[in-house]
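Everything on this sheet refers to the single structure shown next.
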Amino acid sequence: MEDLFSSLNLKCLIKFMHLSGLAIGLGCAWMLDAFIIKYFKNEISKDKYQLIEFASKFVFAGLALLWISGLLFIAHYYFYAPENLQNQKIWGKLFIVLILTVNGYFVHKLIIPKIKKSVGSTLLKTLTRHEMMLIAAVGAISFVSWLFPIVLGVAKALNFTVSAVDIIAFYFVFLAISAIISNVIAQIIINSKSVG
């Protein structure tokens, strides 16, 4: 019984929870992004909206698992391997998940209600230019912020070699590039609305 709750097994359980949170959150967040892009020009039925709302709840569940497991990782390191707390990747990832959480709040408070108001129509017909640009920005933050922790997790070469500041700076560069791309895509969609 003691072996079952050994430090190694606890870490494996935490890692499983962490990876599950990432997989659920990233998969559903990217599916949600794809739905939103699709329904810029396609009519949103009540059923389609319910699917979008359902997926958004799984994104929240994935994010909750990510927070719980991340804090458990920090507690595990504190008690069993305090030297690992010197790994700056941990603090870089924590900052990115914080941004992801704030972005998730805006998705649930601003984006999902706007989609609900568009049921029976298309986003292109019901949203203003400002609202479409807001959706593009939130989508870019979501895309990058879900991807980045996975990249950091598999990049073992970055352990104890880069600072949290460098990680966050690179994250913001990648975020800026993604925001520019999403802005261009949104402008093309908006211009197609005015041409149509």
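The values are calculated or read from the model by the stated rules, or taken from the named source; none is laboratory data. Source: prediction; values computed, not measured. Every residue, glycine as well, gets a Cβ built from its backbone with ideal geometry; the counts of neighbours run over all protein chains shown.
Here are some notes:
- Residue check, residue 119 more than 27 Å from residue 23 (Cβ to Cβ), touching a residue at least 24 places away in the same chain (Cβ under 8 Å) and either hydroxyl-bearing (Ser, Thr, Tyr) or surrounded by 13 or more Cβ atoms within 10 Å (Cβ to Cβ) (or both): yes
- The test for being of a type in the set (Lys, Arg) and at pLDDT below 90 holds for residue 38.
- Whether a residue is in contact with a helix residue (DSSP H, G or I) (Cβ under 7 Å, 6 or more places away or on another chain), part of a helix (DSSP H, G or I) and charged (D, E, K, R) was assessed, and residue 114 passes this test.
- Among the candidates 85, 100, the residue that is farther than 22 Å from residue 27 by Cβ, hydrophobic (A, V, I, L, M, F, W, C) and part of a helix (DSSP H, G or I) is uniquely 85.
- Scanning region 77-108 for residues that are surrounded by 13 or more Cβ atoms within 10 Å (Cβ to Cβ) and among the aromatic types (Phe, Trp, Tyr) yields a count of 5.
- Residue match in region 141-149 (condition: surrounded by fewer than 21 Cβ atoms within 10 Å (Cβ to Cβ) and farther than 20 Å from residue 58 by Cα): no
- Failed criterion for residue 127 (all others in (1) surrounded by fewer than 19 Cβ atoms within 10 Å (Cβ to Cβ); (2) of a type outside the set (D, E, K, R); (3) over 20 Å from the mean Cα position of the chain (by Cα) hold): (1)
- When region 167-196 is filtered for residues that are closer than 23 Å to residue 88 by Cβ and free of Cβ contacts under 8 Å to residues at least 12 places away in the same chain, the ones remaining, listed by number, are 169, 170, 172, 173, 176, 177.
- Region 20-61, subset more than 15 Å from residue 189 (Cβ to Cβ) and of a type in the set (Phe, Trp, Tyr), residue surrounded by the fewest Cβ atoms within 10 Å (Cβ to Cβ): 54
- Remark: pairs (first residue in region 123-139, closer than 21 Å to residue 46 by Cα and polar (S, T, N, Q); second residue assigned to a helix (DSSP H, G or I) and modelled with pLDDT of 85 or more; Cβ separation under 7 Å; 6+ apart in sequence or on different chains) = 126/117.
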